[in-house]
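The values are calculated or read from the model by the stated rules, or taken from the named source; none is laboratory data. Every value quoted in this text rests on a predicted model; they were computed, and no experiment measured them. Using ideal geometry, Cβ is built from the backbone for each residue, glycine included, and neighbour counts are taken over all protein chains shown. To get the accessible areas, we keep the full protein, side chains included, count just its heavy atoms, and leave off ligands, DNA and RNA. Shrake-Rupley method; radii C 1.70, N 1.55, O 1.52, S 1.80 Å.
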Amino acid sequence: MQITREELTIVLNKVLTQKTDKFDLDVIELTDFIIEFFYDRKSVDDRCLGSHDRDAFYKLDEVGIVSSIHRSADSPSLNNCKRSWILRSDLIIKLLNGSSECNEPENNEFVDLYSSLPSDVWEKD
C-alpha cells in the first residue's frame, strides 16, 4: 500500500509528540526527507547515506518509522549491501487507524526468554 505525504505527516506528528527532542527538522521537512528516499524504492542502501542522513535514519528507527534489515554479503539483490532501511508501512497504517503504539513489540519475547532461564544461570562459579 502506498502511503501519501499527508498520511506520513499525520503519523510523524503523532510519533514526534510522544518522542520530543529527536529531530532537528520540523515535521514537514522530515516528511519530505523520508519521501525523498522512499518515493521510488522499497529499501534504501545504507551505503548511499551520508552521516547526517544515517543519523536521521537511526532516529527514525528508534521511533519505529523505518527499520534496518541486514543481509548477507553474498545477497545479489542488494549488491553486497550489509544493511538497508525499509519504511514501516505496516506501523504507519496502524497509527493512521488509531493505534497509539509506536515501536512496541506484539509480544515480549525477551521477557519470556529471561523468565524461562533457571535462577542459577546468573550465579558466578
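Numbers at a glance
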| read-out | value |
| --- | --- |
| Other-chain or far-sequence residues with amide H under 5 Å of residue 66's (modelled H) | 61, 88 |
| Rounded to the nearest 10 Å², the accessible area of residue 69 at probe 1.4 Å | 40 Å² |
| Eligible lysines near residue 14 by straight Cα distance, threshold 27 Å, same-chain separation 8 or greater | 22, 42, 59, 94 |
| Net +/- balance of residues flanking residue 54 in space, Cβ distance below 14 Å, scoring K and R +1, D and E -1 | -2 |
| Solvent-accessible area of residue 70 with every protein chain in place, 1.4 Å probe, in Å² to the nearest 10 | 120 Å² |
